[in-house]
Amino acid sequence: MITFAKWKLAIFGIYLVIGAVFAVVFLAIGIARVDPAAKGSPIGFRLLIFPGVVALWPYLLSRWIGGEHAPRTERNSHRDGSGGADQ
Amino acid sequence: MSLTYGAIGWNRQKKIYDLVLACGIVLYLSLFIGLGAWLNPGATVETLLIRGFGTCALLLLHIVLIIGPLCRIDARFLPLLYNRRHLGVTTFIMGLAHAGLAIFQFHALGDLNPFVSLLVSNTRFFSLPDFPFQQLGFGALVILFLMASTSHDFWLANLSAPVWKRLHMSVYAAYALLIAHVTLGVLQAETNPLLAAALGAGLASVISLHLVSGSREVRADSHSSLSSFDGAGEFVDVCSVDEIAEKRARIVTLAGERVAVFKYDGKISVLSNVCQHQNGPLGEGRIVDGCVTCPWHGFQYLPDSGASPPPFIERVPTFRVKVDGGRVLVNPRPLPPGTRVEPARIDANASG
Ligand code: HEM
Ligand code: FES
């Protein structure tokens with residue numbers, strides 16, 4: 001029981017350590033590639049999203065590998081029905 | 001509403017909001033600890049702090065949960081909604097303080113790593129009176145963490161709105177976990193009838209407010225769904241000009257979604273009711289400085305084009321509109337977001 005709990009915690013810990021290392025690199029370079037609106041954003045903003053980057057790093061890594069593109073706009077029946085290009 | 005992200009977008013209102021919040025918390029904790037020490041002289045400071053932070057977090061969570069339905073029932077509660085995310089982040093911080101102290105007090109004093117201890121010290125999952133309620137609290141804390149850490153608009157944009165919303169809907173799961181955490185936890189400790197009563201009242205108010213506001217929405221939508229086309233079969237009669245207050249809107253359902261019919265300066269303009277930011281109800285907002293202003297977080301749109309004033313880039317779909325004999329007629333086909341539409345003049349048509 002105790003070994004099993006230790007294993008779970010160890011895996012969790014490793015995930016977070018990778019996340020923390022990734023977050024430093026991502027917030028320094030990657031973020032501007034993933035979301036153009038984050039180019040030149042202040043350090044306070046980057047620190048604020050740091051915990052979330054540590055937690056969700058696999059997702060942001062996949063976005064980073066996917067290359068630069070602005071985030072999508074949400075669809076609804078008016079936007080769909082208008083036939084207009086959403087940015 | 002921003003070209004680049006900032007840390008925290010404080011303005012006067014948000015500063016007042018946060019100040020009230022901070023003072024409220026300090027007041028609550030001092031009262032809780034003061035009264036607790038007085039009524040229960042045997043209690044240690046740690047115990048009082050654990051209980052103070054825990055109940056404070058739960059109280060804040062109740063406020064977070066009832067703000068939404070309250071605003072739907074009465075617009076006077078909207079200022080509470082304006083900065084709700086700071087309330088959510090504060091809830092997490094209070095919960096974290098509670099959990100940190102509890103883990104320290106109950107699990108850090110043995111030889112086991114406190115987190116291993118949290119997982120293994122009690123595994124009686126099939127016993128109600130001995131259930132390891134701490135793990136329920138831990139689950140709730142993880143959800144609150146994910147919500148707090150993704151509350152910045154960066155996450156809304158980058159996780160995409162549907163994912164972000166699903167994540168933030170899990171606040172109800174956190175709430176359920178916490179109800180169980182407190183019920184089982186307090187069942188195991190000494191029973192405190194006051195806490196039980198408060199919890200019951202809180203649960204009842206959250207559920208009933210959601211039911212009331214939900215049924216109102218359903219009724220309002222079925223009343224406002226329109227199908228009476230005018231002679232040409234192109235424009236729909238949505239309401240009379242007099243039904244709309246100046247610089248405000250009436251909300252009706254057209255083309256499968258709500259639209260906001262705004263009246264201002266002798267003109268009528270019609271926009272999709274759905275704010276590009278987080279789907280806030282534009283029609284419940286007002287025209288401020290010539291712009292339709294979302295009641296939720298203040299994003300602004302020009303009423304005739306549905307576009308945010310430059311340099312901002314948000315845009316919502318618009319609708320063709322005319323006024324005839326004091327009635328507002330709207331073409332139900334949405335135009336591409338940001339399309340300028342000539343507002344309908346009210347005077348020119350007053351005579352019919
Ligand atoms: C790892 C996470 C958590 C642990 C280990 C934990 C542990 C505990 C413990 C040991 C108690 C009993 C305290 C006592 O009776 O003296 C308790 C009660 C309580 N917890 Fe938690 N908790 C956690 C998370 C949370 C969270 C996130 C919240 C709220 C947002 C919360 C709210 C409460 C409340 C309201 C009580 C009842 C306070 C009272 O006994 O008067 N807990 N928790
Ligand atoms: S400003 Fe946030 S939803 Fe409209």
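Some notes on this structure:
- Annotation: B:LEU159 fulfils all but one of (1) over 19 Å from A:LEU48 (Cβ atoms); (2) touching a helix residue (DSSP H, G or I) at 6+ places or on another chain (Cβ under 9 Å); the unmet one is (1).
- Per the listing B:ALA37, B:ALA43, the residue uniquely in a loop (DSSP other than H, G, I, E, B) and either touching a helix residue (DSSP H, G or I) at 6+ places or on another chain (Cβ under 9 Å) or among the polar types (S, T, N, Q) (or both) is B:ALA43.
- Residue check, B:LEU78 at pLDDT below 90 and either in a helix (DSSP H, G or I) or over 20 Å from B:ILE50 (Cβ atoms) (or both): yes
- Within region A:38-53, being open to solvent by less than 10 Å² (accessible area, probe 1.4 Å) and more than 7 Å from chain B (Cβ to nearest Cβ) holds for one residue alone: A:VAL53.
- Only listed residue being within 14 Å of chain A (Cβ to nearest Cβ) and among the β-branched types (Val, Ile, Thr), chosen from B:ILE8, B:ILE16, B:ILE50: B:ILE8
- Test: residue in region B:61-69 that is out of contact with any Lys or Arg (no Cβ under 8 Å at 6 or more places or on another chain) and either within 14 Å of chain A (Cβ to nearest Cβ) or open to solvent by 50 Å² or more (accessible area, probe 1.4 Å) (or both): yes
- So B:GLY36, is it over 30 Å from B:CYS275 (Cβ atoms) and modelled with pLDDT under 85: no
- Residues (open to solvent by less than 10 Å² (accessible area, probe 1.4 Å) and either at pLDDT below 90 or facing chain A (nearest Cβ under 10 Å) (or both)) located in region B:247-267: B:VAL252, B:LEU254, B:VAL259
- Test for B:PRO310: is it open to solvent by 20 Å² or more (accessible area, probe 1.4 Å), assigned to a loop (DSSP other than H, G, I, E, B) and outside the structural domain of B:ARG166 (by TED's automatic domain parsing): yes
- Restricting B:VAL120, B:VAL116, B:VAL89 to those that are within 14 Å of chain A (Cβ to nearest Cβ) and modelled with pLDDT of 80 or more reduces the list to B:VAL89.
The values are calculated or read from the model by the stated rules, or taken from the named source; none is laboratory data. Only a predicted model underlies this, so the values are computations on that prediction, with no experimental measurement involved. Neighbour counts run over all protein chains shown; Cβ positions are idealised from the backbone, glycine included. Ligands, DNA and RNA are excluded from the accessible area calculation, which covers all protein heavy atoms including side chains. Shrake-Rupley method; radii C 1.70, N 1.55, O 1.52, S 1.80 Å.
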